[in-house]
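See structure below.
Just so it is clear, none of the values below were taken in a lab; they were calculated from the coordinates. Predicted model, so just to flag it, every value in this text is computed and none were measured. Positions of Cβ are generated from backbone atoms using ideal geometry, with glycine treated the same way; all protein chains shown enter the neighbour counts.
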Amino acid sequence: MFKETKAFSGFSVDNLQKAKAFYGDILQIDLSEIEEMSILQLHIAGSNDVIVYEKPDHTPATFTILNFPVDDVEKTVKELKALGVKFESYDLPDLKTDEDDIMRGDPTVAWFTDPAGNILSVMQS
């Protein structure tokens, strides 16, 4: 039934303008806005667009909603921290980050949140 359908993903935020500034200005993702519908379209390279919509009773996702493959996690984390992005620190039995907020291994991953509290990651394998 959906074999030939090009599906796309979406997620909610509590403030579309903060999301627009974060995803467009800080993460430098190409985006467009459908103002009459209060929707942002994130134009992810090599993928279908992801939609972001404002939801008054938004609850942040408790899982990673977007993973960004990068060549160098440590460099990317430093650059994002310099822009004010705060990274998550984990100390769980199967999930531990170091003093740089990076879980090193295969893959090497660091998690951060958008202004609405949704979890994102940068990873390299």
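At-a-glance table
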item	result
Which label in (1) 0.99; (2) 0.92; (3) 1.10 gives the computed Rg/Rh (Cα atoms, Kirkwood Rh)	(1)
Inter-label distance for ALA82 and ASP98, nm, one decimal - labels placed 7 Å from Cα along Cα-to-Cβ	2.0 nm
GluC sites (Glu not before Pro) restricted to region 71-125 and DSSP loop, no more than 10 other C-beta within 10 Å	GLU99
Degrees, to the nearest 10: 73-82 long Cα axis against longest axis of the chain	70 degrees
Stretch gain in nm, segment SER47-ASP72, where the contour uses 0.36 nm per residue and the Cα spacing is subtracted	6.9 nm
Global geometry of region 49-118, whether rounded, prolate or oblate, following the gyration tensor of its Cα atoms and the 1.5 cut on a/c	prolate
Likely footprinting exposure, PHE68, PHE2, fewest C-beta neighbours within 10 Å first	PHE2, PHE68
Within straight-line cross-link reach of LYS18, lysines at Cα separation under 17 Å, skipping those fewer than 8 residues along the same chain	LYS55, LYS86
